[in-house]
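What follows is a single structure, written as structure tokens, with notes after it.
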Amino acid sequence: MKKKAIEQIAFKRPRGNNDSVAHVETLSGERILMLDEWRDGKPFQRYVLTDKEFGHFVNNKWQMVRFGYHGQFGRISESSKKVVTQFCKGKVTRNWDCYIRNAEYMIDMARVERKRELREERLAQRCNSLYPLPIAWEQYLEEVALPDHHLYYTKKGRYAKVFCSACGEEYEICIKAKDTYEGMFETVHQSPEHRAKGMCQKCKAVGTYIAAGKEKHGSSEDKNIYLVQKTKDNAIVVRYFEAVKQYGNGQKDSIECTEVVRGFIKNGKLQKDYNKYDYWNCKNSWDDCNLYGLANIQMYNGIIHPASWNVLSEGQFKYIDVKKIINNAESKETAYIIANIAARPQIEMLQKMGFDWAVNRLSRWYSPGLCFDMNAKKAWDFFKVNKDRLPMLKQNEDYLEILQFERKRDIRLTEDEIQFLSIVPLDDVQIIMEYMSLQQCMNRTYKYAEVKPKKKLSFNERDALHRTIRLYRDYLNIRHSEGYDMTNSVYLHPRDLQGEHDKLVEERERKRNEEYLKQMEDKFKQIPKQYKKLKAHFEYSDGNLYIRPARTATEIIEEGRVQHHCVGGQNYLSKHDKGQSFILFLRYEKDKAKAYYTIEMKYNYEVMQFYAAHDKQPNKDEIWSWLQQYKKQMIAKKQKNTKTSNRRMAKVS
């Protein structure tokens with residue numbers, strides 16, 4: 001799209017009461033549809049559409065977004081609608097903007113198709129750039145990758161029949177001598193045992209004895225193999241194979257080797273191609289993207305073909321011990337490791353300096369820039385530490401974060417301070433250092449943990465320091481959040497850290513609880529207002545048990561906390577507030593303050609549920625019988641009161 005030339009074309013002013021106008025311009029032989037919109041007498045936006053592109057020009061900036069992204073265009077004349085529909089090769093219609101959206105859709109589809117074609121072209125180029133497999137590839141699979149064979153045997157008397165899966169021959173051996181003249185001339189072999197090693201008497205191949213009755217349906221063995229090669233365009237490809245060897249009694253061994261993944265490395269970038277099976281066409285094909293979910297194709301640990309090391313000892317890998325890096329890696333994701341080595345030249349320098357731990361991180365990590373400066377020219381700048389700290393860092397990689405902290409703060413750490421920071425979390429120390437120095441933090445932590453500073457600390461002492469620094473950080477955070485004066489040494493250095501911490505937590509929770517209860521009281525205001533009426537309706541005592549409704553939302557919440565059940569939730573509060581159901585407390589008459597049963601009941605005395613502490617139901621049958629009797633008596637009492645009131649009304653009238 002010729003953006004500069006389009007910007008030079010002045011906005012066309014609409015006629016009459018219209019806000020927008022459409023017009024077609026020709027630039028270098030290309031027809032361009034422009035839709036100009038005016039707002040408050042000023043140009044607001046221009047929408048541009050060509051055969052291949054579309055976009056908006058708003059506030060002197062281009063945005064390649066769809067039509068209507070900045071709101072619907074204002075009033076437009078019929079002649080402008082006709083211009084749009086003719087440009088988009090459509091018929092005149094009231095929904096003129098549909099043609100623009102359809103044109104955008106066709107452009108997007110053309111872009112997607114073009115991207116797919118380019119991906120297929122690049123995939124074909126990568127496939128054609130491969131060299132054939134090594135000449136002795138099949139021999140390598142049989143003799144090195146999967147060298148084992150099975151010797152299936154069946155014992156019968158003094159003899160054993162053996163079938164060799166390597167040569168496919170069957171023979172008989174004597175496994176027990178006979179005390180006769182003829183037995184003196186028989187060769188006695190060691191009796192075969194299941195899973196023991198043996199040698200075939202025909203082809204002399206060494207294999208594993210397998211009892212024929214224990215492996216009736218055969219077995220298999222698999223091995224993952226990596227092969228590194230150069231390509232015809234001087235790139236590197238890591239080819240991942242899965243080889244499976246099939247064993248069976250009465251049949252020779254067979255090896256099936258499938259190439260699963262190819263990792264092409266060029267200019268330090270890794271492109272993986274995957275061998276997928278198409279269930280529709282019933283054939284395999286290569287694709288440049290992986291599958292999804294559980295069907296995701298993965299590369300597992302495996303052996304590396306010897307010819308790979310020849311490739312990895314030339315060019316940019318000439319002065320790097322790639323074999324050592326791959327062998328030390330926790331994951332045998334060979335393609336990814338080689339790509340990182342190619343893309344990160346710092347690895348060569350670090351390996352020569354003896355920083356093997358840094359080499360392993362660089363070769364395995366996705367984002368090493370979080371710990372290292374990848375643009376640095378000097379080793380100490382790369383590690384983000386002071387120059388004289390390199391020997392210490394070389395000895396122990398655990399000091400990296402501490403020494404980076406030293407350089408960032410522009411301080412000089414002593415040996416005791418380094419030892420202290422290697423024990424406790426550095427993040428906690430940095431929070432505490434907002435209120436005091438590192439030396440004060442260290443001294444206080446040792447004092448609170450009741451540990452004496454020394455070079456070698458026991459596990460229990462280190463654990464005590466770790467727990468204490470966490471407690472100290474939490475204590476200071478609570479002090480700060482509660483608005484205390486953090487310059488007061490009494491607050492910063494309490495005598496009893498655990499006790500003061502517990503008091504602060506209790507105070508904070510009390511304030512939060514008060515705020516929450518106040519919110520609930522404000523939210524459910526009908527509960528206390530209707531208490532008097534509900535008390536007259538529900539309150540009852542038989543001399544042993546006493547039942548009444550809840551007075552306030554706070555009382556319901558406290559009931560739930562004491563009883564350890566969910567009655568204090570907003571669901572029950574809302575029901576009680578709206579009169580859908582009501583929360584009642586069942587107590588013993590002798591001790592009305594102590595919680596016993598919590599009951600949810602409707603206004604007609606229908607019991608919905610009743611539970612004691614921890615959602616249990618002690619004496620369930622007795623309580624249920626009592627509630628049913630309570631319902632009958634309350635209904636009878638209500639009916640009696642109704643009759644009495646009716647008689648009084650009749651006398652008055």
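The values are calculated or read from the model by the stated rules, or taken from the named source; none is laboratory data. Only a predicted model underlies this, so the values are computations on that prediction, with no experimental measurement involved. Quick reminder, even Gly has a Cβ in these numbers, built from the backbone with ideal geometry, and neighbours come from all protein chains shown. Accessible surface is based on the protein model in full, side chains and every heavy atom, while ligands, DNA and RNA are left aside. Shrake-Rupley method; radii C 1.70, N 1.55, O 1.52, S 1.80 Å.
Before moving on, here are some points about what is shown:
- The Rg/Rh ratio for the range 246-299, using Cα coordinates for both the radius of gyration and the Kirkwood hydrodynamic radius, is 1.13.
- Here the label points at Met353 and His493, each 7 Å from Cα along the C-beta direction, are separated by 4.0 nm in the simple model.
- Centre separation in Å (Cα based) which lies between the range 176-199 and the range 548-597: 87 Å
- Under 28 Å from Lys616, Cα to Cα: lysines that are on another chain or at least 8 residues apart: Lys535, Lys575, Lys578, Lys590, Lys592, Lys594, Lys602, Lys631, Lys632
- Size descriptors for the range 310-449, from the alpha-carbon set: Rg then Dmax equal 18.0, 60 Å.
- Convex hull volume per residue in cubic angstrom - Cα atoms of the range 378-436: 85 Å³
- Net charge contributed by nearby residues that have their C-beta within less than 11 Å of Val490 (K/R +1, D/E -1): 0
- Reachable aspartates and glutamates, given that their alpha-carbon falls under 19 Å from the alpha-carbon of Lys272 and they are not under 8 places away in the same chain: Glu117, Glu120, Glu121, Asp233, Glu242, Glu259, Asp287, Asp288, Glu333
- Surface/4 of the Cα convex hull for the range 486-625, nm²: 11.4 nm²
- Cα principal axis extents for the range 1-111, largest first, Å: 37, 32, 26
- Sites Asn513 and Asn59, calculated FRET efficiency, Cβ-Cβ separation with R0 56 Å, nearest 0.05: 0.60
- Couplings for the range 551-563, taken from phi via the Karplus curve 6.51 cos²θ - 1.76 cosθ + 1.60 with θ = phi - 60°, read 7, 9, 5, 4, 5, 5, 5, 5, 4, x, 5, 5, 7 Hz in order; Gly and Pro are left as x.
- For the range 201-323, the square roots of the Cα gyration tensor eigenvalues, ordered a ≥ b ≥ c, give a/c of at least 1.5 with a/b no greater than b/c, which places it in the oblate category.
- Over the chain, equivalent-ellipsoid semi-axes from the Cα gyration tensor in Å: 67, 53, 41
- With the convex hull drawn over the C-alpha atoms of the range 140-213, the volume per residue is 89 Å³.
- Shape category assigned to the range 392-501 from the gyration tensor of Cα positions, a/c cut at 1.5: oblate
- The 3J(HN,Hα) values that the Karplus relation (6.51, -1.76, 1.60; θ = phi - 60°) gives for the range 239-253 are, in residue order, 9, 10, 10, 10, 9, 10, 10, 9, 10, x, 6, x, 9, 6, 5 Hz. Gly and Pro appear as x.
- Stokes-Einstein diffusion of the range 93-217 at 20 °C, 1.002 mPa s viscosity, Kirkwood radius from Cα pairs, rounded to a whole number: 104 µm²/s.
- Among Val188, Gly207, Ser219 the positive-end extreme of the charge dipole of the range 178-219 (Cβ point charges): Ser219
- Multiplying each eigenvalue of the alpha-carbon gyration tensor of the range 284-333 by 5 and taking the square root yields semi-axes of 28, 15, 10 Å, largest first, rounded to whole angstroms.
- Ellipticity at 222 nm from helices only: DSSP H runs of n ≥ 4 in the chain, each -39500 (n - 2.57), divided by the residue count, give -12000 deg cm²/dmol.
- Peptides 607-619, 338-350 ranked from most to least packed by the mean count of surrounding Cβ atoms within 10 Å: 338-350, 607-619.
- Charge context of Arg512, other residues only, Cβ under 14 angstrom, K/R +1, D/E -1: -1
- Cα centroid separation - the range 440-516 against the range 223-290, whole Å: 58 Å
- Across His305, His217, His564, the residue with the most accessible area heads the list, and the full order at a 1.4 Å probe is His217, His564, His305.
- Relative contact order, percent, the chain [alpha-carbon distance under 8 Å, six or more residues apart]: 4 percent
- If the chain linking Glu539 and Lys3 were pulled fully straight, counting 0.36 nm for each residue of separation and taking away their Cα-Cα distance, it would gain 184.7 nm.
- Binned Cα-Cα distances of the range 142-282, short to long, each 10 Å bin given as a whole percent: 11, 29, 21, 17, 12, 6, 3, 1
- Inter-probe distance in nm under a simple model that places probes 7 Å from Cα toward Cβ, at Glu138 and Gln430: 6.1 nm
- Taken over the Cα atoms of the range 297-372, the convex hull encloses 98 Å³ per residue.
- Share, in percent, of DSSP beta bridges within the chain that are antiparallel, nearest 5: 90 percent
- Net charge of neighbours whose Cβ lies under 11 Å from the Cβ of Thr208, counting Lys and Arg as +1 and Asp and Glu as -1: -2
- Overall form of the range 536-588 per C-alpha gyration tensor (a/c, 1.5; a/b vs b/c): oblate
- Cα centroid separation - the range 52-82 against the range 365-400, whole Å: 52 Å
- Inter-probe distance in nm under a simple model that places probes 7 Å from Cα toward Cβ, at Lys455 and Glu401: 2.6 nm
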